[in-house]
1. With viscosity set to 1.567 mPa s and temperature to 4 °C, compute the Stokes-Einstein D of the stretch 241-309, Rh being the Kirkwood radius across alpha carbon pairs; µm²/s, no decimals.
2. Which three extents, in angstrom, do the Cα atoms of the stretch 269-376 have along their principal axes, listed largest first?
3. Counting every Cα pair in the stretch 189-308, what percent are over 26 Å apart?
4. Just order 429-441, 113-125 by mean Cβ neighbour count inside 10 Å, highest at the front, would you?
5. Provide the FRET efficiency to the nearest 0.05 for the residue 309-residue 205 pair, computing r from the beta carbons and using R0 = 22 Å.
6. Using alpha carbons only, how many degrees (0 to 90, rounded to 10) separate the axis of helix 374-385 from the longest principal axis of the chain?
7. In µm²/s, what is D for the stretch 379-455 at 25 °C and 0.890 mPa s, where D = kT/(6 pi eta Rh) by Stokes-Einstein and Rh is the Kirkwood radius from Cα pairs?
8. With a cap of 16 neighbouring Cβ atoms within 10 Å, and only residues DSSP puts in a loop, list the chymotrypsin sites (Phe, Trp or Tyr not before Pro) found in the stretch 208-282.
Amino acid sequence: MTHPELDRVLAACEAHQQRDLGDLFRLLRQPSISAQNIGVTECAELEMELLTIAGFSPRLFPTAGHPMIFAQRCNAPGKPTVLIYGHYDVQPPEPLDKWHTPPFEPTIIGGRIFARGVGDNKGQHFAQVCGARAWLEAVGELPVNVKFLLEGEEETGSPNLADFVAEHSDLLAADLVYTSDGPVLDDAHPEVVFGVRGVLSFELRAHGANSDLHSGNWGGIAPNPAWTLVHLLSTMMDMNYDVKVAGFYDDVRPVTRLMANAIDKIPLDTEVALASIGLDRLPPPAGVGYFERLMSRPTMTINGLTSGYQGTSSKTVLPSMAIAKLDVRLVADQRSEVIYEKIVKHIRQHAPEVEVHHQGAMEPSATPLDHPFAEPVRRAVARGFGKEPIDLPALGGSLPDAIWTRGLGLPSFLVPYCNSDERNHAPNENMEVERYFAGIRTAACLLAELAEFPS
């Protein structure tokens, strides 16, 4: 059943498109580069102003880094509460000479807005604000309870988000979390994403002599740390790409029939996807599909391997140190601390002289595909974009989504509004204007669909 006021609200979205675009341009003109501490405070103040104009009473919460912005309008007793997350910080714009237009002067070319942060994440989270504002202008009140949490450190790894959420769990109490970030896989299909893989990063260091040595004078006498790491790494993964650390797969959640069906419906030409990166086949193991690998199979990746001489020609050197950097992509229900302990135990057994250094982790997250809130989210996306969405059980990459699902115990839905070629983190970041407007409609429809949800 369609909410009786939704048509009025969508008419308001249509009527105020140019104003909503102008307000977004204000945000885009304000730099907010968290990694360089440029303009972040000023952008937070502008977000506060725009939320106030939209009908909210925002609060600024200092952290050990950049501030959190919280706003709520909860005047719908008995109706669901949705917590909408976004971030107002952006990536550095360098290299500047690769931009076709100045990164902080938003410009529309060919139906696209070009500016740093337009897709990641200002255009996407501000679409949510505009969708709520349309309700207040057309109807006078929101049909459900809405809370916003905007952070200023997502682009530097959200170092203070987990502690803030844990400390303010009562303030952030909700029935579901809704986020719009990142690009869609395919512009032809809107998406609802139900989870993300986690990540665990660590470094291995093997030491030999106290300096590099002549390989002829000392080869066979001094140990070679490069071979130490090569031998160790060969015990950690076999030729079939199976990780050989004991217990590594113990907690991996099996692929359910719902998940398998959703994966089968994801449109992808595997040959075309592989050809785009210069490949013609998937690596082992055989019989594991493209998206099953990305969504349900943990991996261990050597990110970098360094030792000895790397220059031109040759140098007969026996290196004094070797370093390997690795990451593990985790899937539900793995936990980073458990996997790290197992990896350390494996290294102690096979190469006790090798140092292990933990470098960071983010937990995997999963919301059931058949969660009761999934259907109203799907209907909102279908109405907002005019097309039925596809379900993505999980992203191959990592986001701090487990803060909601594990930390607060809430279902979390990620609905990317941006085009597949948004070039987030790269020069010429862009968002199609019509996708920004579709995001505003989707946000408005989401509140209508949640209002019809049984309390």
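Bear in mind that the values in this text are calculations on the coordinates, not laboratory data. Since the structure is predicted, the reported quantities are computational estimates derived from the model, not experimental observations. Note that each Cβ is placed from the backbone with ideal geometry, even for glycine, and that neighbours are counted across all protein chains shown.
1. 89 µm²/s
2. 64, 37, 24
3. Beyond 26 Å sits 43 percent of the P(r) for the stretch 189-308.
4. 113-125, 429-441
5. Efficiency for this residue pair is about 0.75.
6. Approximately 70 degrees, to the nearest ten.
7. Values: Rh = 14.5 Å.
Roughly 170 µm²/s, to the nearest whole number.
8. Here the chymotrypsin sites (Phe, Trp or Tyr not before Pro) that fit, given the DSSP loop and packing criteria, are 241, 249.
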